[in-house]
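Notes to accompany the following structure.
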Amino acid sequence: MTRQRLRDQIDAAWAALQEPIAGLTDEELLEPGVMGDWSVKDILAHITAWEEEALRHLPVILEGGRPPRYATVYGGIDAFNAQMAPQKRALSLDDVRRQFVATHQRLLTCLERVPPEALVGDTRFRRRLRLDTYGHYPLHARAIRAWRKRRAAG
């Protein structure tokens, strides 16, 4: 896969995530119940947390290292999410919005510096990038769309 095709894939998934968020009021962004007790704000913060993880661990992978296993460090991915949620929930909506955009931009900038060979085939780098970004966004976009339908149905 070329850098541009990968970037197009990320951009398309990012745009698809933006679509169900568009037009929501601040009050709607803060309303719990979108995914469990999470609000849209919580989902945006969650996505940011995973992009921050990508930014932390992709360079390790590029250097031939292996990031620590979530099962060992946190007790699993669900435990990591449970630990990050209250930390991110403490942030204001404006701070979450800023981090959401800024972290995504940092990720895109980071990808511009990645050697082309890391982007070809099913590399550990590509797998981690997919899991933390374009493979992750659709899950949350679907949840937000479903929540909006539930709200509209009354």
Which condition does Glu52 not pass, out of (1) over 13 Å from the mean Cα position of the chain (by Cα); (2) closer than 14 Å to Asp132 by Cα, if it passes all the others?
(1)
Tally up the residues in segment 63-103 that are in a helix (DSSP H, G or I) and modelled with pLDDT of 95 or more, please.
11
Output the qualifying pairs, or none if there are none: Cβ atoms under 7 angstrom, residues six or more apart or on different chains, first residue in segment 121-147 and modelled with pLDDT of 95 or more, second residue assigned to a helix (DSSP H, G or I) and among the acidic types (Asp, Glu).
Asp132/Glu51; Asp132/Glu53; Thr133/Glu51
Please verify whether Gly135 is among the small types (Gly, Ala, Ser) and either under 19 Å from Glu27 (Cα atoms) or over 17 Å from the mean Cα position of the chain (by Cα) (or both), treating the condition exactly as stated.
no
Matching entry among Ala141, Ala85, Ala152 (being under 29 Å from Thr25 (Cβ atoms), exposed (fewer than 13 other Cβ atoms within 10 Å of the Cβ) and of a type in the set (A, V, I, L, M, F, W, C)):
Ala152
Out of all the residues in segment 81-100, is one or more hydroxyl-bearing (Ser, Thr, Tyr), more than 20 Å from Leu6 (Cα to Cα) and without any contact (Cβ under 8 Å) to a residue 60 or more places away in the chain?
yes
So Glu28, is it over 22 Å from Arg106 (Cα atoms) and not in a loop (DSSP other than H, G, I, E, B):
yes
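The values are calculated or read from the model by the stated rules, or taken from the named source; none is laboratory data. Note that the coordinates shown come from a computational prediction; the quantities given were computed from them, not determined experimentally. No Cβ is skipped: glycine too gets one built from the backbone with ideal geometry, and neighbour counts run over all protein chains shown.
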